[in-house]
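Before any comments, here is the structure.
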Amino acid sequence: MSRTVYDGVFTPDDRVEQFYRYLPFEVPARAGSIRVTLDYRGDGAVIDLGCMGEDGFRGWSGGARSQFTIAATTATPGYRAADLEPGTWQVMLGLHRIPGEVPYRVEITVSGQDPPSVATDPVVVTPAPPRRLPAVAGRRWLAGDLHSHSEHSDGERSLPRLAAGAAEAGLEFLAVTDHNTISHHRHLSEVTGVLLLPGQEITTDRGHANAFGDIGWIDFRQSGQQWMVEVARRGGVISVNHPIATDCAWQYPLADQPSMAEIWHCTWRDRTWRGPLAWWLSAGPDVAAVGGSDFHSPGRDRPIGTPVTWVGVPAGEPVSTELVMAGLKARETAVSAHRDGPVLLPVAGELIAVDADGAILTDFTGRRRMVRGDLATFAGRPGGHWLEDARGQVLALCRLSGS
């Protein structure tokens, strides 16, 4: 067994000079496990924690954990269990919040023994019957939530319990978008009853983005533009998250507008506020709108499925990652406050309002039309459209394609 200790003090100057810091340590051949603990002091201080192996990325827990263990057969959620390749490893520290002098201590223990295995969390997931909505012949709409977190980052629930929550909300898929890690991807297929879509929330202090698909780890240390290019190159789909949300608003310059953005996020608590709509409309008619609950734990966040993102897919095919990914790539999406509430859908170049009698259909030009009946069809121009109530509260929204 070997032990390495780093003691020091971080200051605001350190954060400005170099945001990510790397503390090297040696892993010998036939090592069984690595244990890292981080301790720091300072009101308002946040130091993120992660690990790079000799062969590359091994995990990230950000500010959610102060310790982790990695071994061949088990690892702390957020980190990848696999053989410990000998060579130089590095503890990664992100200086997220350094309000003054912040003393820190990192202890690294490399042992020849494997840690005990972790018990599984058996949960029975019972899927809900789907809601049938108007669609083009041969297609249907799937109800899902494109933003959630598990115990693999700063969420509370295991993957099976996340899936159970999605089933209770009547969803057919749930994207698990843990922060800056993909350690959960290998376990998603073990859960049945609701599709857990592989995702990762690329997270920095200059903005967040969800990358969907089993495309490998995206290096969050790169720029937002590089994220866009790399996700597309690997065949994934990327969405700019909550672009005007408090201290994690989008601040990266891009060569082109993103193809998709999380317009409806849980931080949009007062939906009479027009900020998210203003950002969407200024981004242009080609940006597809999606939504996400950003669920972490019961009682702390909005429930799973608030809002719901509807994705258009071929009818008659089983729900799968490939099916949902194809719908996202086609940007065939709509968003509603709840699974069973009013919905606005783009269908064959027209807009169909479902269960929205008395609502007002509004579009990017400022035009307003009353919805009469539980199923109403409207002509519309390409761009953003939404339903609102008499108080101006947004009930549902979608983008009408120009194609």
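Summary of values
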quantity	calculated
Of residues in the range 122-154 being among the basic types (K, R) and in contact with a Lys or Arg (Cβ under 9 Å, 6 or more places away or on another chain), the one nearest to D301 (Cα to Cα)	R131
Filter pass, R65 being outside any loop (DSSP other than H, G, I, E, B), surrounded by 13 or more Cβ atoms within 10 Å (Cβ to Cβ) and not hydrophobic (A, V, I, L, M, F, W, C)	no
Count of the range 46-62 residues which are out of contact with any His (no Cβ under 6 Å at 6 or more places or on another chain), crowded, with 21+ Cβ neighbours inside 10 Å and of a type in the set (D, E, K, R)	1
Members of the range 137-159 found to be under 14 Å from N180 (Cα atoms) and not in a strand (DSSP E or B), listed by number	H147, H149, S150, E151, H152, S153, D154, G155
Single residue of the range 29-53 satisfying the filter (assigned to a loop (DSSP other than H, G, I, E, B) and over 28 Å from the mean Cα position of the chain (by Cα)) that is nearest to E107 (Cα to Cα)	R41
Complete set of residues in the range 355-372 that are touching a Leu at 6+ places or on another chain (Cβ under 9 Å), free of Cβ contacts under 8 Å to residues at least 40 places away in the same chain and small (G, A, S)	A359
Single match in D14, D43, D39, D114 (criterion: touching a residue at least 40 places away in the same chain (Cβ under 8 Å), surrounded by fewer than 17 Cβ atoms within 10 Å (Cβ to Cβ), over 15 Å from N180 (Cβ atoms) and in contact with a Lys or Arg (Cβ under 7 Å, 6 or more places away or on another chain))	D39
Pair list, Cβ < 6 Å and 6+ apart or interchain, from the range 336-348 residues that are closer than 13 Å to G291 by Cβ to residues that are assigned to a loop (DSSP other than H, G, I, E, B) and among the small types (G, A, S)	R339/G170; R339/G305
Selected residue [in contact (Cβ under 8 Å) with a residue 40 or more places away in the chain, farther than 26 Å from C51 by Cα and either surrounded by fewer than 23 Cβ atoms within 10 Å (Cβ to Cβ) or out of contact with any helix residue (DSSP H, G or I) (no Cβ under 9 Å at 6 or more places or on another chain) (or both)] from C248, C266	C266
Boolean, G193 is outside any helix (DSSP H, G or I), modelled with pLDDT under 95 and assigned by TED's automatic domain parsing to the domain that holds D340	yes
Condition check for A82: assigned by TED's automatic domain parsing to the domain that holds Y20 and crowded, with 20+ Cβ neighbours inside 10 Å	no
Every pair of residues 6+ apart whose Cβ atoms lie under 9 Å, when the first sits in the range 373-384 and is at positive phi and assigned to a strand (DSSP E or B) while the second is surrounded by fewer than 16 Cβ atoms within 10 Å (Cβ to Cβ) and not β-branched (V, I, T)	G383/G284; G383/G402
Qualifying positions in the range 344-385 - closer than 18 Å to W141 by Cβ and either in contact with a helix residue (DSSP H, G or I) (Cβ under 7 Å, 6 or more places away or on another chain) or of a type in the set (V, I, T) (or both)	V347, I352, V354, T377
Filtered residue count, the range 179-202, keeping only those that are within 11 Å of W217 (Cα to Cα) and of a type in the set (D, E, K, R)	1
Selection within the range 76-115 - polar (S, T, N, Q), assigned to a loop (DSSP other than H, G, I, E, B) and at pLDDT below 95	Q113
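Every residue, every condition in (1) closer than 21 Å to L328 by Cβ; (2) in contact with a Leu (Cβ under 9 Å, 6 or more places away or on another chain), yes or no:
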| residue | (1), (2) |
| --- | --- |
| R140 | yes, yes |
| S153 | no, no |
| A164 | no, no |
| H187 | no, yes |
| E190 | no, yes |
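The values are calculated or read from the model by the stated rules, or taken from the named source; none is laboratory data. Computed from a predicted model, the values in this text were never measured in an experiment. So basically every Cβ, Gly included, is an ideal-geometry build from the backbone, and we count neighbours across all protein chains shown.
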